[in-house]
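Q: My structure is below; once you've seen it, I'll send some questions.
The values are calculated or read from the model by the stated rules, or taken from the named source; none is laboratory data. Every value quoted in this text rests on a predicted model; they were computed, and no experiment measured them. Methodologically, a virtual Cβ is constructed for each residue, glycine included, from the backbone with ideal geometry; neighbour enumeration extends over all protein chains shown.
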Amino acid sequence: MPVMEPNLDAATLRDWARLVDRGPFSSLCWGERMAFDNPESLTLLGALSAWTDRVQLVTTVLIPQLHDPVMLAKALATGDMLSGGRLTVGFGVGGRHEDYRAAGADPATQTMREMADRVAVMKRVWSGEKVTDSTLPVGPPPLQAGGPKLLVGTTGPKTTRHAAGWADGLAGITLDLDVDKQNELFDVARDAWRQAGKAAPHLATSFWFAIGDGDNPRAQIHQHLLRYMNWIPSEIVDAMAPTTGWAGTAHELRAVLQRFADIGTDEIYLIPTSSDIDQVRRVAEVVEELDSRYD
């Protein structure tokens, strides 16, 4: 979803959701920020549950430390119920203290241990355990027994190993689309999940994208990064922009997606750098062609 783009309205978000839901995509994703003008993530979850029928709904990522864990568990269980059990929750610690301060949260809680503790509370709520001094447990129960699938938003091996105890997989991001480096992280996850006695992890990564011809796609990413990375000096963003994310033609995108498929990537979450819905249509053609090859 183009949630970090300016001047959004309900019609734009609804049209994007419905187009993605028609296929051939497997998931519909959106991220969270607080000190920004993006839609609030949990409110959007309710709308996306109503606007879609097929795709998995994936938060990439929510920051538990910005929320009361019991309230967050209740909201996500409601989203899972409304979507018919299609919710997957990506959790991360976030990268901006300003978001913590805007939510009245302590930046000192921006740790994996604090996130794991809050996830543990949510799992207790989803299991029907009473975690408050109340007559009944906090409901509703999620449609998926035990709660939605959980992914950890991470780019590092230490965080990946730490999350093996509670997560079902990764919701990573790659800035430079280095497939070998991504596969090294996937191998860390495979080993950590195996040592934890768990099934193989769901392996997902993401990157910013702009599809088109000529120089416009790269300029589109540059403009998006200047807006989104507003906490970083613009000269640093200018230096990052030529090599951050992916910009190119449909033919080039096919090759990139294939390289990630070859290392065992289960899903790639494409991060929009424009609210132009034609970007979705053009990517859909690429994915349909790749799907036909596998069929």
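Q: Check Gly95 against each of (1) surrounded by fewer than 18 Cβ atoms within 10 Å (Cβ to Cβ); (2) at pLDDT 95 or above and name the one condition it does not meet.
A: Status for Gly95: all satisfied but (2).
Q: Still on this structure: Being closer than 19 Å to Trp30 by Cα and either at pLDDT 95 or above or of a type in the set (D, E, K, R) (or both) is true for just one of Trp208, Trp193. Which residue is that?
A: One residue alone meets the criteria, Trp208.
Q: Here is a further query. Between Ser234, Ser275, which is of a type in the set (Ser, Thr, Tyr) and within 17 Å of Pro6 (Cα to Cα)?
A: From the options Ser234, Ser275, the qualifying one is Ser275.
Q: Select from region 212-246 the residues that are among the hydrophobic types (A, V, I, L, M, F, W, C), surrounded by 19 or more Cβ atoms within 10 Å (Cβ to Cβ) and within 20 Å of the chain's Cα centre (by Cα) and write down the one among them that is nearest to Gly94 (Cα to Cα).
A: Checking each candidate, the answer is Leu225.
Q: While we're on this one: Report yes if some residue within region 238-249 is in contact with a Lys or Arg (Cβ under 6 Å, 6 or more places away or on another chain) and at pLDDT 95 or above; otherwise report no. Break it down stepwise before answering.
A: In the first step, residues of region 238-249 are kept if they are in contact with a Lys or Arg (Cβ under 6 Å, 6 or more places away or on another chain); the result is 247.
Within this subset, residues satisfying the condition of being at pLDDT 95 or above are 247.
Yes, region 238-249 contains a residue that is in contact with a Lys or Arg (Cβ under 6 Å, 6 or more places away or on another chain) and at pLDDT 95 or above.
Q: Could you please find all residues in region 8-18 being touching a residue at least 40 places away in the same chain (Cβ under 8 Å) and surrounded by fewer than 16 Cβ atoms within 10 Å (Cβ to Cβ)?
A: Passing the criteria: only Asp15.
Q: Let me ask something additional. Which number in (1) farther than 25 Å from Phe260 by Cα; (2) in contact (Cβ under 8 Å) with a residue 24 or more places away in the chain; (3) of a type in the set (Val, Ile, Thr) marks the one condition that Ile173 misses?
A: It is condition (1) that Ile173 fails.
Q: Follow-up. Kindly provide the set of residues from region 171-180 that are surrounded by 15 or more Cβ atoms within 10 Å (Cβ to Cβ) and either in a loop (DSSP other than H, G, I, E, B) or acidic (Asp, Glu) (or both), ordered by number.
A: If the condition is that a residue be surrounded by 15 or more Cβ atoms within 10 Å (Cβ to Cβ) and either in a loop (DSSP other than H, G, I, E, B) or acidic (Asp, Glu) (or both), then Gly172, Ile173, Thr174, Leu177 are the ones that fit.
Q: Can you name the condition, by its number, that Thr154 falls short on among (1) surrounded by fewer than 20 Cβ atoms within 10 Å (Cβ to Cβ); (2) modelled with pLDDT under 95?
A: Single failed check for Thr154: (1).
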